[in-house]
Amino acid sequence: MKPLFLTLAFSFFVLLSTAQENVGQTTVTEWQYGKNGALSITYDDGSYNQFKYALPIMERLELPATFFIITGGIPGSKYHGKFIGRPVETIIAETATIPTNEQNFLERCSAAGYLGYKGTITFHTKAAGLYDSHRTALAFKMMDSLYAKVRHGDFEPGYQPCDEYLQEKGSTWDDFRRDAAKGYEFASHSITHAGMPGLDSINIAYELTKSKEEMLNQMGAKYTFSCEVPYGYENDRVMQIAYKIYPALRNRMPEPWLKEIDRPSKKTPGAPDKDYIQWQRECNTRSPLPLMKSWVDTAAARKDTWLVLVIHGVEGLGYQALPASEFDEYFQYIKSKEKGDLWIATFGDVTKYMREREAAAVKSQYLKHQVKIKLTHSLDKVMYDAPLTLKTYVPSKWSEASIWEGKKGHRIEILHDAKGNYIMYEAKPNDGEITISGT
């Protein structure tokens, strides 16, 4: 028995020594509150039924969400769709003798919705998609067909925007401001929901910069952080322009520490090779409820996955609309994961957390009965002000702990894992020294 006693005593000594060595060690948890994964519910287009049917469900369950809205169609908006370029009459006349080609396609496609006739925007949208997928010959043919119909007088005079634009009818800026005050994020989805791979640079910039300016004027600077370029395009030319206007794009984020799986992809998060995975999935009629629930389970079971749900149609209005009853059941399932494994937050909040964590520096010092922590990051301090969750190991002999930030202090629960006793708490970077004391 003596050798066994000595072995047990030595093991206890090693564990105690290891615990003491960890005192003061502080890390920023992968997700806020130390959760396993993150989930963001996002809506595209701002269709009226999203607010009439889905929003009340989320309010009842206290679920946050992000709404990417088309700004040009909301009553009271200053900026509306238009073509910036040569007179359209000149462009129309040229199409009679000069076929569409690589040199003139972007100008013609940019002007397509503003030729003074109804029904032309559909040609713009389809041609933009063809051009983005490198089917340029078909895109050029689409433009030639459109302008031939215009010259032949096949369209009714006037202006008709796309369906997504029209589906916002009924919503107001006052509605959006009221919902934003409840914690919902509102973000840009351009002025008119244009197919941006089919626009030239000046018209892309107009759609994005003036939509951002509208959000600033109507909602405030907080709501100019996120954007989704319509149709989910990841076109390199469009992205390079958009990156200079918005801090965060749902379409694509260029961070080296982030792996992205976009909506059309059939891939699932595999073996981790980067710090984070953004996994976009679309909730629509092609996604059965059990499948949608399995996405949530996957995010909750991993440590690195941010599930971004994309929703368009609700209760008969919008692309592949799901009934409100299905959203109710699905959102209840999501809510059931919040207390345990999932951090549910807006698209902007999760983006800020990841970027702050990746840019964070933590310094800690253990002095007798205190641990002093300093948390900083190198990002814009006004834009990136979200609290991070810190995990700090404390002495094993402490039975109580308090945390102080300046003159504000409160008691905090001591937890335990294989490495020793620790506390978990929220702290804002660049906000002064944190002092942890215990007895």
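The values are calculated or read from the model by the stated rules, or taken from the named source; none is laboratory data. Please read these numbers as outputs of a predicted model, since none were measured by experiment. Cβ placement follows ideal geometry from the backbone for every residue including glycine, while neighbour counts extend to all protein chains displayed. Areas reflect the complete protein model, heavy atoms only, side chains present, ligands, DNA and RNA absent. Shrake-Rupley method; radii C 1.70, N 1.55, O 1.52, S 1.80 Å.
State whether one or more residues within segment 95-108 are among the small types (Gly, Ala, Ser), surrounded by 13 or more Cβ atoms within 10 Å (Cβ to Cβ) and at pLDDT 95 or above.
Step one: filter segment 95-108 for residues among the small types (Gly, Ala, Ser), giving 96.
Those left that are additionally surrounded by 13 or more Cβ atoms within 10 Å (Cβ to Cβ): none.
So far as segment 95-108 goes, no, none of its residues is among the small types (Gly, Ala, Ser), surrounded by 13 or more Cβ atoms within 10 Å (Cβ to Cβ) and at pLDDT 95 or above.
Report, by residue number, each residue of segment 283-303 that is crowded, with 21+ Cβ neighbours inside 10 Å and not in a helix (DSSP H, G or I).
CYS283
Across segment 22-37, which residue is nearest to the chain's Cα centre (by Cα) among those that are open to solvent by 40 Å² or more (accessible area, probe 1.4 Å) and on the phi < 0 side of the Ramachandran plot? Full working, then the answer.
Step one: of segment 22-37, the residues open to solvent by 40 Å² or more (accessible area, probe 1.4 Å) are 25, 27, 30, 33.
Then drop every residue that is not on the phi < 0 side of the Ramachandran plot, which leaves 25, 27, 30.
Details: GLN25: 32, THR27: 25, GLU30: 17 Å.
Looking at residues that are open to solvent by 40 Å² or more (accessible area, probe 1.4 Å) and on the phi < 0 side of the Ramachandran plot, I get GLU30.
Residue by residue through segment 130-154, note down the ones that are in contact (Cβ under 8 Å) with a residue 40 or more places away in the chain, of a type outside the set (A, V, I, L, M) and open to solvent by 20 Å² or more (accessible area, probe 1.4 Å).
Those that are in contact (Cβ under 8 Å) with a residue 40 or more places away in the chain, of a type outside the set (A, V, I, L, M) and open to solvent by 20 Å² or more (accessible area, probe 1.4 Å): TYR131, ASP132, PHE140, LYS141, ASP144, ARG151.
Counting only residues that are open to solvent by 50 Å² or more (accessible area, probe 1.4 Å) and acidic (Asp, Glu), which one in segment 355-399 is farthest from LYS35 (Cα to Cα)?
For segment 355-399, the residue satisfying everything is ASP380.
Quick one: which strands (runs of 3 or more DSSP E) sit completely within segment 344-439 and have at least 2 residues that are under 24 Å from MET253 (Cβ atoms)?
Details: elements: 360-367, 370-377, 388-393, 401-405, 408-412, 415-417, 420-427, 433-438.
Fully inside segment 344-439 and qualifying: 360-367, 370-377, 388-393.
Please work out if ILE334 is under 26 Å from ASN36 (Cα atoms), touching a residue at least 12 places away in the same chain (Cβ under 8 Å) and assigned to a strand (DSSP E or B).
Numbers: under 26 Å from ASN36 (Cα atoms): yes; touching a residue at least 12 places away in the same chain (Cβ under 8 Å): yes; assigned to a strand (DSSP E or B): no.
Criteria not met by ILE334.
Identify the residue in segment 176-188 that is in contact with a strand residue (DSSP E or B) (Cβ under 9 Å, 6 or more places away or on another chain) and not in a strand (DSSP E or B) and, among all such residues, is most open to solvent (accessible area, probe 1.4 Å).
Of all residues in segment 176-188, those in contact with a strand residue (DSSP E or B) (Cβ under 9 Å, 6 or more places away or on another chain) come to 176-177, 179-180, 184-188.
Pick out the ones that are also not in a strand (DSSP E or B) and you get 176-177, 179-180, 184.
Working: PHE176: 1, ARG177: 93, ASP179: 3, ALA180: 10, TYR184: 13 Å².
Result: ARG177.
Can you give me the number of residues within segment 109-119 that are under 13 Å from GLY195 (Cα atoms) and either surrounded by fewer than 19 Cβ atoms within 10 Å (Cβ to Cβ) or of a type outside the set (S, T, N, Q) (or both)?
At the first step, the residues of segment 109-119 found to be under 13 Å from GLY195 (Cα atoms) are 109-113.
If we keep only those that are either surrounded by fewer than 19 Cβ atoms within 10 Å (Cβ to Cβ) or of a type outside the set (S, T, N, Q) (or both) as well, we get 109, 111-113.
Here the count works out to 4.
If you check LYS337, LYS352, which single one turns out to be of a type outside the set (Asp, Glu) and open to solvent by 50 Å² or more (accessible area, probe 1.4 Å)?
Details: LYS352 fails: open to solvent by 50 Å² or more (accessible area, probe 1.4 Å).
Sole residue among the options that is of a type outside the set (Asp, Glu) and open to solvent by 50 Å² or more (accessible area, probe 1.4 Å): LYS337.
In the set GLU405, GLU358, which member is of a type in the set (Asp, Glu) and more than 20 Å from the chain's Cα centre (by Cα)? Steps first, please.
Numbers: GLU358 fails: more than 20 Å from the chain's Cα centre (by Cα).
Going through GLU405, GLU358 in turn, just one is of a type in the set (Asp, Glu) and more than 20 Å from the chain's Cα centre (by Cα): GLU405.
Give segment 152-199 a look and list any residue that's among the aliphatic types (A, V, I, L, M), over 17 Å from CYS227 (Cα atoms) and in contact with a Gly (Cβ under 8 Å, 6 or more places away or on another chain), or say none. I'd like the intermediate steps shown before the answer.
From segment 152-199, those among the aliphatic types (A, V, I, L, M) are 166, 180-181, 187, 191, 194, 196, 199; that's our starting set.
So of that shortlist, the ones also over 17 Å from CYS227 (Cα atoms) come out as 166, 181, 199.
Within segment 152-199, just LEU166 meets the criteria.
Between GLU164, GLU168, which is surrounded by 14 or more Cβ atoms within 10 Å (Cβ to Cβ), in contact with a strand residue (DSSP E or B) (Cβ under 8 Å, 6 or more places away or on another chain) and assigned to a loop (DSSP other than H, G, I, E, B)? Steps first, answer last, please.
On the way: GLU164 fails: assigned to a loop (DSSP other than H, G, I, E, B).
Answer to the selection: GLU168.
Hey, among the residues in segment 189-205 that are more than 19 Å from GLU168 (Cβ to Cβ) and part of a loop (DSSP other than H, G, I, E, B), which one's least open to solvent (accessible area, probe 1.4 Å)?
LEU199
Quick one: HIS369 ticks every box in (1) closer than 27 Å to VAL350 by Cα; (2) touching a residue at least 60 places away in the same chain (Cβ under 8 Å) except a single one, so which number is it?
Of everything listed in (1) closer than 27 Å to VAL350 by Cα; (2) touching a residue at least 60 places away in the same chain (Cβ under 8 Å), HIS369 misses just condition (1).
Within segment 206-247, which residues are of a type in the set (A, V, I, L, M, F, W, C), more than 30 Å from ALA137 (Cα to Cα) and open to solvent by 20 Å² or more (accessible area, probe 1.4 Å)? Before the answer, list the steps.
The first filter runs over segment 206-247 and keeps only residues of a type in the set (A, V, I, L, M, F, W, C), leaving 208, 215-216, 219, 221, 225, 227, 229, 238-239, 241-242, 245.
Keeping just the survivors that are more than 30 Å from ALA137 (Cα to Cα) gives 215-216, 219, 221, 225, 227, 245.
Matches in segment 206-247: LEU216, MET219, ALA221, ILE245.
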